[in-house]
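No value in this document is a laboratory result; all are computed from the given coordinates. On a predicted model such as this, the values are computed, not experimentally measured, just so you know. Neighbour counts are summed over all protein chains in view; Cβ atoms, including those assigned to glycine, are modelled from backbone coordinates with ideal geometry.
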Amino acid sequence: MINHFLILVLAATAAAQDFLQRPYLQLGNQPGGLSVMWHARDADADWQVEYKSDANGWTKATVAPPRRIEVRGFQPHRVYEATLAQLARGERFDYRVKLGGREVFNATGMAPRGPGQPHTFAVIGDTGNNSGGQRRLAVEIGKASPEYLVHVGDVVYMSGLVAQYYKNHFPVYNCEPGTTAPCASLLRSTATMAVPGNHDIPETVRLRAQPGALAYFYYWSLPRNGPLTDRGSLNLPRLTGSEQAINAFYDRAPNYPQTAMYSFDWGDAHWLMLDSNAYVDWSDPRLVDWVKRDLAGARGARWRFVALHHAPFSTGRTHASDQWMRQLAPVFETGGVDVVFSGHVHNYQRTKPLKFKPAAEGRVKKAPGEFAIDDHFDGSAKTKPNGLVYIVTGAGGMSLKEGSKDDKPSMWEPYTAKFHGSTHSFTLVDSTPDRITIRQLDERGRTIDRAVIRR
Ligand SMILES: [Fe+2]
């Protein structure tokens, strides 16, 4: 018995030394596949990844050459990525990571679903400040067991730095089972996708003052099918620092800037993932054309969702002038989008189904315009919407805003159907081919909102 216990302790210690960050699942750049990423010491090592479903034996994954992350203020480390290419749609699989031939980690995962396969996903935003609320909410997300998790931005406060991922993100969502502090062992089994918020990518990135900035591009592996292929594009933040510092960043982040915008499919859902930061000019016809083309190409999907950080429509004074993404409402309407998920405002809000015609063109902070609001839809008895539902799910951990407006509809915008800002919360959606059920669950496990949308 004692020997058995000792072996377990030694194995755990060895694993802790092997990883700086234990494996976590990413969508990667392989349609229908997934990636396993992990971080390890800055030394050459013989890493291997194998995976298997019930039907097959172990398959060796391709491990890409690691990227070395050396930034001031954090220990140099290497980021590894293995591609699990041969997964059948919706298939559960086991995977194991070996170091020098010795297994040092194992977990299970699920491949992206195919059309017609019902599934459950979660959406969170504005999370990473290591608050009690963020941690309690992480536990609730873990209990809900979503197949994947979409993050609508502001992943880590205050500046999207490498060290902040290690303090405010990974320990909360990628902890070891049995950790004392509230946290979830979620990332090893749940693919997680994100869009960048203003705290992930500032308008001006000072690589000299903050060499660990833009960690979004180090630690996420996302599809490279978006419109931002050119590092000289105008729709990017301003990078300052020496030419050497900027080139070193480019070397560490080969996916920059492409993974700031992309799209993917899971089950019957098509997801359009947009960067809504202020440096992006959403009146640029090249970007708008890409959005149109992407949505037109997804006509086969039963559901079309958009994720972006800055809420196009929101109640309250918080970030009230940051509603520039409403300019895209007509494009989303024509493209058949069902729900737009956003954050930035640190509470939960759901609109009634709505259509919007902006009265001003170009880059406008909060365009006035003409609203067509579906007051008939109630999400329970009347479930066929006439218009898009806009959800703000920015209550993921950062300090909450305007909870005094909960249950006071007279203080809401005419298009707001539900407002909740007094507890942290996340969105859980059950998706089937003919209906989605949206639930908002809070840090105490309570359901604070529920709405069904039917085709
Ligand atoms: Fe934000």
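Between ARG293 and THR180, what FRET efficiency comes out of the Förster formula 1/(1 + (r/R0)^6) with R0 = 51 Å and r the beta carbon distance, rounded to 0.05?
Result of the calculation: an efficiency of 0.55.
Could you tell me which of rounded, prolate or oblate describes segment 101-188, using a ≥ b ≥ c as the square roots of the eigenvalues of the alpha-carbon gyration tensor, with rounded for a/c under 1.5 and, failing that, prolate when a/b is larger than b/c and oblate otherwise?
oblate
Antiparallel DSSP bridges in segment 167-322: what percent, to the nearest 5?
45
Express the relative contact order of the chain as a whole percentage, based on alpha carbon pairs under 8 Å and six or more residues apart in sequence.
14
Applying the Karplus parametrisation 6.51 cos²θ - 1.76 cosθ + 1.60 with θ = phi - 60° to the phi angles of segment 412-423, what ³J(HN,Hα) value in whole Hz is obtained for each residue in order, glycine and proline being reported as x?
For segment 412-423, the Karplus curve yields 9, 5, x, 8, 7, 9, 8, 9, 8, x, 9, 9 Hz.
Calculated from DSSP H runs of 4 or more alone, at -39500 (n - 2.57) each and per residue, what is the 222 nm mean residue ellipticity of the chain, nearest 500?
Here the helix-only value at 222 nm equals -4500 deg cm²/dmol.
At what distance in angstrom do the alpha carbon centres of segment 20-73 and segment 358-409 lie from each other?
If you average the Cα positions of each part, the centres end up 39 Å apart.
For a quick check of your reading of the filter: which trypsin sites (Lys or Arg not before Pro) in segment 272-318 sit in a DSSP loop and have no more than 11 other Cβ atoms within 10 Å?
ARG299, ARG317
With a cut-off of at most 13 other beta carbons within 10 Å, and DSSP calling the residue loop, which trypsin sites (Lys or Arg not before Pro) in segment 67-104 qualify? Please list them.
ARG72
Would you work out if segment 273-379 is rounded, prolate or oblate? Take a ≥ b ≥ c from the square roots of the eigenvalues of the alpha-carbon gyration tensor; rounded if a/c is under 1.5, else prolate when a/b is larger than b/c, oblate otherwise.
Rounded shape, in that the Cα axes give a/c under 1.5.
How would segment 207-256 be classified by its alpha-carbon gyration tensor: rounded, prolate or oblate, with rounded meaning a/c under 1.5 and the a/b versus b/c comparison settling the rest?
The shape class here is oblate.
Short version: ³J(HN,Hα) in whole Hz for each residue of segment 309-326, in order, from phi by Karplus 6.51 cos²θ - 1.76 cosθ + 1.60 (θ = phi - 60°), x for Gly and Pro, what are they?
7, 7, 4, x, 9, 8, 8, x, 7, 5, 6, 4, 8, 9, 9, 5, 6, 5
At a 10 Å Cβ-Cβ cut-off, how would you order VAL205, VAL150, fewest neighbours first?
VAL205, VAL150
Roughly how tilted is helix 243-252, in degrees to the nearest 10 and between 0 and 90, from the longest Cα axis of the chain?
With both axes taken from Cα atoms, the answer is about 80 degrees.
Among the lysines, select those whose C-alpha is under 22 Å from the C-alpha of LYS98, and discard any that sit fewer than 8 residues away in the same chain.
Once the sequence-local lysines are set aside, what remains near LYS98 is LYS52, LYS60.
List the lysines whose Cα sits under 28 Å from the Cα of LYS292, skipping any in the same chain fewer than 8 residues away.
Result set, ordered by chain and number: LYS352, LYS355, LYS357, LYS365, LYS366, LYS384.
Among the chymotrypsin sites (Phe, Trp or Tyr not before Pro) in segment 16-97, which ones are in a DSSP loop with at most 13 other Cβ atoms within 10 Å of the Cβ? Mind listing them?
For chymotrypsin sites (Phe, Trp or Tyr not before Pro) across segment 16-97 that sit outside H, G, I, E and B with at most 13 neighbouring Cβ atoms in 10 Å, the list reads TRP58.
Take peptides 119-126, 339-346, 412-419, 188-195 and line them up by average Cβ neighbours within 10 Å, highest first, as a rough protection proxy.
339-346, 119-126, 188-195, 412-419
Which whole-Hz ³J(HN,Hα) couplings does segment 359-370 yield from phi under the Karplus relation 6.51 cos²θ - 1.76 cosθ + 1.60, θ = phi - 60°, glycine and proline marked x?
8, 10, 9, x, 7, 10, 5, 8, 5, x, x, 9
Is any residue of segment 97-120 close enough, with backbone N under 19 Å, to a label point placed 7 angstrom from the Cα of GLN75 along the Cα-Cβ axis, and if so, which?
Under 19 Å, as judged by backbone N against the label point of GLN75, lie 99-100, 104-105 of segment 97-120.
Quick one: helix 285-296 against the long Cα principal axis of the chain, what's the angle to the nearest 10°, folded into 0 to 90?
Approximately 80 degrees, to the nearest ten.
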